[in-house]
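Here's the structure, in C-alpha cells; my notes come after.
The values are calculated or read from the model by the stated rules, or taken from the named source; none is laboratory data. Note that this is a predicted model, so its numbers are computed, not measured. Cβ coordinates were reconstructed from backbone atoms using ideal geometry, including for glycine residues, and neighbour counts include every protein chain displayed.
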Amino acid sequence: MEFTAICWNLFHGRDHPPDASLRTWRSRILRFDEQNATHVQVNRDLSPEFATLLAASAWDVALLQEVPPRFAEPLARACAAEAHRALTSRNSLAPLRALLARQNPDLMASGEGGSNLTLVRVPGRLGGIAERRELAIHEGPPERRAMAFTRTASGVCIANLHATNDQPALAVEDVLRAARAATEWAAGSPLLFGGDLNLRPAEQPQLFEQLASEFGIGGPPTAPRAIDHLLARGLEVRAEPAQWPPQRRELPLDGRALRLSDHDVVEARFEAGEPAALPKTEPSSSAN
C-alpha cells in the first residue's frame, strides 16, 4: 500500500508574498491590500483559500502546523478527510480570539491561538482514523508545544508535531520527547513522524542520527537547511521528501498571485506492508 503525505506550516492562516515591501503596517493596521506587478498582500480571513489549495492537492494524509483551531472543521470538510486536532498555545478565550482574528488576522497573528492538525482522507488508502492521542511535548516558556498521534485503520500511525523555534536545545528535547512517545504508542506498527521540527540537518545532524539509531525513525531529510520534515519507521520511501516550489502554494487573485503561508509544502510518498493487527491501547485521550 502506497500513500502520499504532505507537511505544511500554515503560518496561522495568513499569506506571505515574496516581496517584503508588500508586508506593510498600513496593511496590518488598516487592512489595505498591497500589490506589485506579480503578487498581492491581503489581510483577511483566508480559510477558504487554504481549503481550496489543500482540497485540490493529491495527498492521503496531511500534517499541518500553526493552524488556527477554527480551521479544522472547514479544512476537513473541504478535503473529505477525518481530522485530529491538538491545541498548542494561546487558546484561552478562544471565541474572542477567533472573532478578532477573523477581523484582522495579520494583527492577531499567532495571538489567535494554534494547533497541529492531521487530516486523513476518507475513503482512502489509510482507511480513516482509528485512534487519537496527544502529548504536550513542551509546557513551559516560551510556549506550549504538542504532538498529535493518530492511528489509522490501516495500522499506519502518524505523529504530527511543532517543536520550539529559535531555541535549538529546546527543540531537540521536544523532538526526542515526541519520538519516545510516538514509538511507544505505535508499538510494532509503521510510523510517519513529521512536522515543523525547527531543526536543520546541517546544523543538528546528531539529532537526526539519534532518531534513527535510538528510535528507528529515519529516511532522507527534506534538505540540509529545511526545518519541515517527513521521517518514517517501518515504511519504505518511494519518493523522498521534497519541498514544493513556492508557486504551488499560490492562488490567482485579480490577475496577481496570492501566496499562502511562509513555509513551503513538503511532500513524500511511502509504502507500508500488510496491515498489522492493532495493539491493544487505552481509550483515546483526545478526540478533537
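Quick notes
- Of the residues making up segment 141-189, those that are assigned to a loop (DSSP other than H, G, I, E, B), in contact (Cβ under 8 Å) with a residue 24 or more places away in the chain and more than 19 Å from the chain's Cα centre (by Cα) number 8.
- Qualifying residue in segment 64-81 (condition: surrounded by fewer than 17 Cβ atoms within 10 Å (Cβ to Cβ) and among the polar types (S, T, N, Q)): no
- The criterion of being among the basic types (Lys, Arg) and at pLDDT 95 or above holds for Arg151.
- Single condition Ala212 does not satisfy, out of (1) within 18 Å of Leu64 (Cα to Cα); (2) touching a strand residue (DSSP E or B) at 6+ places or on another chain (Cβ under 6 Å); (3) among the aliphatic types (A, V, I, L, M): (1)
- Checking each residue in segment 6-39 for being part of a strand (DSSP E or B) and within 30 Å of Arg121 (Cβ to Cβ) picks out Ile6, Cys7, Trp8, Asn9, Asp15.
- Taken together, the criteria exclude Arg125 from residues that are buried (at least 20 other Cβ atoms within 10 Å of the Cβ), touching a strand residue (DSSP E or B) at 6+ places or on another chain (Cβ under 6 Å), over 23 Å from Leu197 (Cα atoms) and among the basic types (Lys, Arg).
- Of all residues in segment 219-253, those satisfying the criterion of being of a type in the set (A, V, I, L, M) and either free of Cβ contacts under 8 Å to residues at least 40 places away in the same chain or part of a strand (DSSP E or B) (or both) are Ala223, Ile227, Leu230, Leu231, Ala232, Val237, Ala239, Ala242, Leu251, Leu253.
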